[in-house]
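The values are calculated or read from the model by the stated rules, or taken from the named source; none is laboratory data. A quick note: this is a predicted structure, and the numbers were derived from the prediction, not measured. Neighbour counts run over all protein chains shown; Cβ positions are idealised from the backbone, glycine included.
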Amino acid sequence: MLTLFFGGLFIPLIYVTEYLFFEPYLLFYVPEYEILNFLSIFVICALTGLVLSMSIYRIRFLQASTKKLRTGLLGSIVGAGAGACCGGIGVALISIFGAVGGVATSVLTNFEIPLRIGSIAILVFTYFMIIKDLNRECKVNFDKFRD
């Protein structure tokens, strides 16, 4: 499940940010000055896959209520969205709006790394909240077995 979410987010993001090319040949290239951007995309995709997989585990196997799951799902959506908005997807969508889109595009490109760091922070916080909830929900009472 983790690899499905990771690959489903990672492949389109590196294609849009022009690290992966399909034509005329399959080519993967990250310039030296773009290594930090690539690593931030990789970490965001990995954390998003981890958080979504853990949220689905809570839904399926623990039958957790949807009220308790808001933190995990909302955090992963906000974290992945904040990380993806800086790439070509966000720039392409915002540039449709003319002058306002141009200003928003310049802001996104100037603050790309801080936005991605914020996205990573949101995903890490969400991860620890899910771990805390899982520890509470999966606690085994050993006093029952000590007869």
### Query
If you take the residues of the range 9-26 that are aliphatic (A, V, I, L, M) and in a helix (DSSP H, G or I), which of them is surrounded by the fewest Cβ atoms within 10 Å (Cβ to Cβ)?
Ile11
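Being modelled with pLDDT under 65 and under 17 Å from Phe6 (Cβ atoms) narrows it down to one residue among Gly81, Gly49, Gly90; which is it?
Of Gly81, Gly49, Gly90, the one residue that is modelled with pLDDT under 65 and under 17 Å from Phe6 (Cβ atoms) is Gly81.
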### Task
Identify all residues within the range 1-22 that are touching a residue at least 40 places away in the same chain (Cβ under 8 Å) and over 21 Å from Glu34 (Cβ atoms); write none if there are none.
Met1, Leu2, Thr3, Leu4, Phe5
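Starting from residues that are buried (at least 17 other Cβ atoms within 10 Å of the Cβ) and over 13 Å from Thr126 (Cα atoms), keep the ones in the range 32-45 and report whichever is nearest to the chain's Cα centre (by Cα).
Looking only at the range 32-45, we keep the residues that are buried (at least 17 other Cβ atoms within 10 Å of the Cβ), and these are 37, 40-41, 43-45.
When the remaining residues are screened for being over 13 Å from Thr126 (Cα atoms), the result is 37, 40-41, 43, 45.
On the way: Asn37: 14, Ser40: 10, Ile41: 8, Val43: 8, Cys45: 5 Å.
Ranking the candidates gives Cys45 first.
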### Task
Confirm whether Tyr29 is over 27 Å from Glu137 (Cβ atoms), modelled with pLDDT of 90 or more, hydroxyl-bearing (Ser, Thr, Tyr) and exposed (fewer than 11 other Cβ atoms within 10 Å of the Cβ).
yes
## Note on the structure
Scanning the range 10-48 residue by residue, those touching a helix residue (DSSP H, G or I) at 6+ places or on another chain (Cβ under 7 Å) and more than 18 Å from Ile113 (Cα to Cα) turn out to be Leu20
